[in-house]
Amino acid sequence: MATQIAETSTPASTNGTDNVLELENVTKVFGGGLLRRNITIAVDGVSLGIPRENPGIIAVAGESGSGKTTLARLMLGIIPPTEGAIYFNGSDISTLNRTDRREFRREVQPIMQDPFEVYNPFYKVDHVLMSPVQNFGLARSKSEARDLVIESLETVGLRHQETLGRFPHQLSGGQRQRIMVARALLLKPRIIVADEPVSMVDASLRATILGSIDLLNKELGIAVIYITHDLTTAFQISDNIIVMYQGSVVETGRVEDVIQNPQHPYTQLLVESIPRPNPSERWGRDMASQETGGDMTNTGCRFAPRCPYAMAECTAEMPPLYRVGDTQAALCYLHRDNSLGNVQSISDVFKSGS
Amino acid sequence: MTTAEATTAAVNVDIHSENVLEVENLKVYYDTDAGQVKAVDDVSFTLKRGERMGLVGESGSGKTTMAMALMRLHKPPAIIAGGTVRLDGLSLLDLNEEEMRQTRLRDIALVPQGAMNSLNPVYRVRDQIVDGIKHHTSGDEMPNKPVLSERVVELLNSVGLDGNVADMYPHELSGGMKQRVALAIATSLRPKMILADEPTSALDVVVQRQIMLTLEQLQQEMQASVLLVGHDMGLMAQFADVLGVMYAGHLVEFAPIQEIFEDPKHPYTKKLISSLPDIEVKGQFTGIEGLPPTLVVPPPGCRFHPRCPIYNDDEDFRGEFTDIRGQLDTSLCTTVDPHLNEIEPRRWVACHMYERSA
């Protein structure tokens, strides 16, 4: 668990004011305890700052079980870190007072993965849109509240006549998800953490939703954490990317660098496996290495058991995050000799948002 | 009795035809409080032996309803309101329930959307594979236990799993492994046709690639045809030989995959392909304007006309279609539902722009 990133991370106090949200050596471990010997390190020593100015869009990519959703939940304050700390406007979120906590809850908004789980089936969908308006006093009158809601519905491509007044089961998964985006838009937060916001939506609507998320970032300067398993949409909308594998950040940096010139063997495998929309560019017939179960007893690189380049040291000790370019870093011993130094906070290799 | 009837049906088989699946004017409707929904309206296409067909469309376009109706697994209140489905000459819509049940898995097998939910959590993998074989094999042909056991291991190996997976329960398997078990079950009786409904939608790209390559290998080895239902054009480009595009209950285009990507004919397909994001160029991320129509009251004439770049004379599309649009009587678009016509061999399109040349 104690990686190089952890040992050298800077204290939050030095740059806490430049960042809206800051993760300092955050680790989340599930399981363990007296009776359970199996532990899962869902997030392993992540340091990351989200700047106040030009925050851009950060994609967090990885397969299921990579820890990307856990990272999202940590950022939202839904679960506390096992080790490390998360700072909001310079204060540790575990010690926020009531007012600051409320502020944090409004400023950092989620768009969750499963639009089936977040609704109470007994309430009409109006409830999920109206309650934030009421709770945070966004409108002075009922009609103003309604106008706000209608406007945000239209931004995500929904007709209010076909959504308001309905129950969740009367809407499709895509519609429900867009309502969640609309809900996040209502509060005009500083950070949106969107966990697979388009995985249950059609390609044509995907562009609409991602387009509106992009607009929020570009026009309103809202930072967006876009959690996804889809590297293509990550490439299209984000400025920077974090690639995770079994809890570790294996590669990170400017999205063009990471996707078009991946340096970690896992990222290379991911990029190679993207189903390219071109029938003349088909996948290699060689079977990619088989998935393995998470073996958390391995103290070294998590990808080593599947890695075609694995060396003896890979399974012995976790490599540090080597800087391989101005805006790119990889957690892999292959880069030990050409490394430009070790990266402390992931955001050190980020290109600033446009 | 079953065999006798199957033989009668087999008389109609045209032995010169290499078509395995022939769908003609298939209609699947369902009644709702708001009125009758024509979820699948007059869909026709043919699939050759060993051919892999992709079927794409937005949710609500009818692609899953259509695929399920081919196996007569459509859920009520959906009813097949007309048309024919022939599998190797056998008219599936004329079979009785028991015959249809026998035909499923043996001749036409399904790889379901979420294998996570299709496997029974309280039975070992072995029992679930054997179950399928038992229920589709008549008494005297039923292999004995050791042979069955061997068969299970063979099947698991064929999908890239170790034989010891047979003794595991579904919860002990990863998502990819469960989907492989589903593939093993679907191919256990060497069907003529495999129907796969978004088989990899819940899996990550690396596992998706492995599963699709495994499916391809099995299908080629068995010379089975595949209908892959989905919405990922990238996956279709990787896997399919021919592609069908559905829009609002209609099949609007059907063509070989290479041709449809290089030269899509229907404006909807054109938009679909030009709006595909890739990892080469940034900022090519656009959608198709407008929303899919409600099927209770579909737009009059061509169902795509409210969003059609040709009908609406969209600037971006003008150049390419200037000549052909000049000849187009756009009043047809709002009044007459276009037919699916074969404008070139194996190139079918339902659009008034091409009616002339048909």
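At a glance:
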item: Cα shape, the range B:190-233, gyration tensor, a/c 1.5 rule; result: oblate
item: Cα pair distances in the protein assembly as shown, grouped into 10 Å bins until the bin that holds the longest one, percent each; result: 3, 13, 22, 24, 20, 12, 5, 1, 0
item: Sequence-separation-based contact order of chain B, relative, with Cα cut under 8 Å and 6+ spacing, percent; result: 19
item: Fully extended contour minus Cα-Cα distance, from residue B:329 to residue B:157, at 0.36 nm per residue; result: 56.1 nm
item: Considering only chain B, percent of DSSP beta bridges that pair antiparallel, nearest 5; result: 60
item: Cα-centre dipole for the range B:250-354 with unit charges at Cβ (Lys and Arg positive, Asp and Glu negative), debye to 20; result: 300
item: Antiparallel bridges, percent of DSSP beta bridges restricted to the protein assembly as shown (to nearest 5); result: 60
item: Stokes-Einstein D for the range B:250-354, Kirkwood Rh over Cα pairs, 37 °C, 0.692 mPa s (µm²/s); result: 224
item: Size of electric dipole in the protein assembly as shown: Cβ of Lys, Arg +1 and of Asp, Glu -1, about Cα centre, debye, nearest 20; result: 1580
item: Dipole magnitude of the range B:152-246 about its Cα centre (Cβ charges: Lys, Arg +1; Asp, Glu -1), debye to nearest 20; result: 160
item: Calculated [θ] (222 nm, deg cm²/dmol) that DSSP helices of n ≥ 4 give over chain B, each run adding -39,500 (n - 2.57); result: -10000 deg cm²/dmol
item: Average beta carbon contacts from partner chains per residue of B:235-244, 10 Å cutoff; result: 3
item: Set of lysines with alpha-carbon distance to residue B:134 below 18 Å, sequence-local pairs under 8 removed; result: B:145
item: Ordering of B:90-97, B:49-56, A:192-199 by packing [mean C-beta count within 10 Å, highest first]; result: A:192-199, B:49-56, B:90-97
item: From the C-alpha gyration tensor of chain B, square roots of 5λ in Å; result: 38, 24, 18
item: Cross-link pairs beyond the 30 Å C-alpha cut-off, checked among A:68/A:188; A:124/B:38; A:188/B:271; A:188/B:282; result: A:188/B:271
item: Amide H contacts under 5 Å for residue B:37, placed H, 5+ residues apart; result: B:30, B:31, B:32
item: Aspartates and glutamates with Cα under 12 Å of residue A:218, excluding same-chain neighbours fewer than 8 positions away; result: A:53, A:239
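Throughout, read-outs are computed from the coordinates displayed, never taken from laboratory work. Every value quoted in this text rests on a predicted model; they were computed, and no experiment measured them. All Cβ positions, even for glycine, are placed from backbone atoms using ideal geometry, and neighbour counts span all protein chains on display.
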